[in-house]
Amino acid sequence: MTVEKNRIKAQLNDELAHYHFSKQENVLQRTHPITRRQKISAIWNKEITIPLLPVGAVCMTLLLMFGYKEIIVPNMRHTGDKTELVEIAGNTYWKSDYERLVARYED
């Protein structure tokens, strides 16, 4: 087995003889940062993976906890004269809205 490994290694060395790696220093500086700036750059260049299912579940939970009243329940302002409802022809209206619309069309 060692004879075959040596033969394959020799063939690989022959094929790769004209390729030279010239950026060795750059790679070493990125993989083993020395200065503070290089360390900050290394932290900045990290790959971050965000799992979709847990983040989506957290967002939906927050939406349901804090946004339920604003999104699902209609925002009904109970101010002074709007608290009285009137029923006309089977429909229910706020009294102030009804009087305003009737006043507009009475002319």
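Bear in mind that the values in this text are calculations on the coordinates, not laboratory data. As the structure is a computational prediction, the values presented were derived from the model and not from experiment. So basically every Cβ, Gly included, is an ideal-geometry build from the backbone, and we count neighbours across all protein chains shown.
The label-point distance for Ala10 and Arg104, in a model that sets each label 7 Å from Cα toward Cβ, rounds to 9.8 nm. Taking the Cβ of Asn45 as the center, what net charge do the other residues with Cβ under 14 Å away carry, scoring Lys and Arg +1 and Asp and Glu -1? For residues surrounding Asn45, the net value is +3.
Value of Rg to Rh for the range 13-57, rounded to two decimals, is 1.29; Kirkwood radius and Rg both from alpha-carbon coordinates. If I stretch the segment between Ile50 and Gln24 completely, what's the gain in nm (0.36 nm per residue apart, minus their alpha carbon distance), one decimal? Result: 6.2 nm gained on full extension.
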